[in-house]
Each structure stands twice: as structure tokens, then as C-alpha cells.
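Data block below; observations after.
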Amino acid sequence: MGLLDGKRLLVTGVLTEASIAFAAARIAQEEGAEIVLSSFGRALSITNRIAARLPKPAPVVELDVTDTGHLESLASRVREHVDGLDGVVHAIAFAPQNALGEGFHEVPWDDAAVALQVSSWSLSGVTRACLPLFGDRASVVGLDFDASVAWPVYGWMGVAKAAFESTCRYLARELGPRGVRVNLVAAGPLRTMAMKSIPGSEQFEDAWTERAPLGWDVKDTEPAGRAIVALLSDWFPATTGEIVHVDGGYHAVGA
């Protein structure tokens with residue numbers, strides 16, 4: 001018996017085999033889950049190729065979280081592949097290049113707004129779109145990066161992650177009575193496409209190497225993937241609105 005036997009999951013954000021979402025999808029399948037992936041635009045063809053590298057090839061639906069039509073039709077398009085959902089992995093984040101790095105106070109609203117819509121509000125948008133697919137119980141897990149402090153070079157993505165964490169708490173409060181758990185996994189820095197897009201992100205790697213009590217491997221997405229799968233399972237039935245840090249303990253120690 002696998003941890004997710006019989007579970008039907010939507011996993012967003014699978015772009016490469018180095019992504020946390022790919023690790024989560026792979027482990028979920030190994031634990032018995034049926035997976036549907038999402039992607040959009042030019043990334044669709046890439047995700048379709050990556051989907052074939054999972055233990056069991058998974059279907060891919062198009063989802064641009066800035067497209068109202070995509071969100072409104074998501075449930076019906078997912079139903080073409082599964083008859084409902086027991087969980088969702090939200091691994092969606094984006095900020096325009098000039099909203100990252102230094103010069104935080106110089107970023108115009110239009111660029112900051114993109115980061116907030118895609119990286120924060122979309123947790124609510126995707127969850128709402130999937131509500132018709134949920135039964136009596138469901139689990140939503142989002143990918144986070146600790147937003148309790150101001151990081152160098154992270155720019156408006158740091159603000160977006162703070163809003164993301166707050167969105168998680170509000171969704172947990174409102175959807176708990178409907179049996180929906182909403183939690184986040186805050187991983188340490190990993191060499192994903194998302195991290196590589198941040199100028200100067202090697203600073204994070206150096207900091208984790210020096211300070212993480214358990215050590216930290218920037219190439220190993222397995223720990224974060226396992227945490228996601230655990231939260232999707234029935235092993236955390238009374239946990240919601242929580243941020244689970246999978247960062248080698250970095251968040252718990254001082255300088």
C-alpha cells in the first residue's frame with residue numbers, strides 16, 4: 001500500500017527534472033497516486049516531454065493563471081483525465097526580471113503586480129478553480145521560500161512569497177469547514193529554473209552551506225518532494241495553514 005494509493009492529484013509547475021514539482025509528481029506516483037500536470041505557452045511542449053519521464057506518463061492540461069478562461073475551464077479539462085481531485089500541488093511563481101535583484105524601491109507597480117498575481121493570488125485562483133473537483137477531503141500544497149526576512153537579491157518575489165504565506169492562512173481558515181487543508185513547503189535554495197533566474201542567487205547557496213545544521217544539497221529535490229507527498233497524504237488530517245520548512249534547519253538558527 002502506497003501513501004497516496006487512489007489519490008488523484010493536479011501538479012503544476014513541472015518544467016524540468018530538476019524542479020521540486022517533478023520530484024513531488026514522481027514520488028506521488030511511486031506512492032500510488034494518479035497525476036495530471038499543468039503547463040502553458042511555450043513550456044507546454046517541454047512539460048509534455050518531461051511528463052514522459054515520470055514512472056508513468058502523465059497527461060498535461062494548459063493552465064495560465066493570469067487567464068480567467070483557463071481557470072474557469074480548468075475543472076472540466078481536468079475531468080477529461082480523472083473523475084475528481086484529492087490534492088493540488090501549487091508550484092507557480094514568476095516575477096519580471098527587473099523586479100528581482102537590487103533596486104527594490106525602483107520597481108514600478110505594473111511589474112510588482114505581475115509578481116503578486118502569478119506568485120501569490122494564483123494559490124487562491126487555482127484552489128477555487130479546483131473546488132468542484134474536490135470531495136469531502138482534499139489537500140492543497142504550495143511551494144514556498146521563507147518570507148520572514150528580507151533577503152538579498154530576492155526583490156519583489158520576497159514580497160510575493162509573504163503574500164503567498166498569508167494567502168495560505170486565509171484559504172486554510174475559509175476552506176477548512178469544507179474539508180480542504182492548505183499548507184506550504186518552504187524549501188531551501190535548489191538549483192531549479194526558478195532559482196537560476198534570480199541574479200546573484202548563489203548567495204543563498206553559500207549561506208545555506210555555512211549555516212544549515214543538517215547541511216544542504218542544492219541539487220537534491222527529494223526532501224522537498226517527500227514533504228509535499230506527506231502533506232498530500234492522510235497522515236496530516238489535522239494540519240492546515242502550516243509552513244513546513246525543508247531547509248536543513250537554516251530557518252531556525254541565527255547568524
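Numbers below:
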| quantity | calculated |
| --- | --- |
| Checking residue 65 against (1) under 21 Å from residue 185 (Cα atoms); (2) open to solvent by 50 Å² or more (accessible area, probe 1.4 Å); (3) of a type in the set (A, V, I, L, M, F, W, C), the condition it does not meet | (2) |
| Filter result for residue 166 (under 19 Å from the mean Cα position of the chain (by Cα), loosely packed, with under 15 Cβ neighbours inside 10 Å and under 19 Å from residue 126 (Cα atoms)) | yes |
| Residue count, region 11-50 (criterion: touching a residue at least 24 places away in the same chain (Cβ under 8 Å), closer than 19 Å to residue 194 by Cβ and not β-branched (Val, Ile, Thr)) | 16 |
| Condition met for residue 212 (in contact (Cβ under 8 Å) with a residue 12 or more places away in the chain and more than 24 Å from residue 154 (Cα to Cα)) | no |
| For residue 172: the one exception among (1) in contact with a Lys or Arg (Cβ under 8 Å, 6 or more places away or on another chain); (2) open to solvent by 20 Å² or more (accessible area, probe 1.4 Å); (3) within 26 Å of residue 112 (Cβ to Cβ) | (2) |
| Residue within region 85-94 that is touching a His at 6+ places or on another chain (Cβ under 8 Å) and either closer than 25 Å to residue 224 by Cβ or surrounded by fewer than 15 Cβ atoms within 10 Å (Cβ to Cβ) (or both) present | no |
| Search result, residues across region 234-254 that are small (Gly, Ala, Ser), over 24 Å from residue 170 (Cβ atoms) and in contact (Cβ under 8 Å) with a residue 12 or more places away in the chain | 248, 249, 252 |
| Residue, farthest from residue 249 (Cα to Cα), within region 176-212, restricted to residues that are open to solvent by less than 20 Å² (accessible area, probe 1.4 Å) and assigned to a helix (DSSP H, G or I) | 204 |
| Test: residue in region 44-58 that is small (Gly, Ala, Ser), buried (at least 21 other Cβ atoms within 10 Å of the Cβ) and over 27 Å from residue 188 (Cα atoms) | yes |
| Tally of residues being of a type in the set (Ser, Thr, Tyr), modelled with pLDDT of 95 or more and part of a loop (DSSP other than H, G, I, E, B) across region 17-74 | 1 |
| Residue match in region 137-149 (condition: under 18 Å from residue 204 (Cα atoms), open to solvent by 30 Å² or more (accessible area, probe 1.4 Å) and out of contact with any His (no Cβ under 8 Å at 6 or more places or on another chain)) | yes |
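The values are calculated or read from the model by the stated rules, or taken from the named source; none is laboratory data. Values in this document were obtained by computation on a predicted structure and should not be read as measured data. Every residue, glycine as well, gets a Cβ built from its backbone with ideal geometry; the counts of neighbours run over all protein chains shown. We work out accessible area using only protein heavy atoms, side chains counted, and drop any ligands, DNA or RNA first. Shrake-Rupley method; radii C 1.70, N 1.55, O 1.52, S 1.80 Å.
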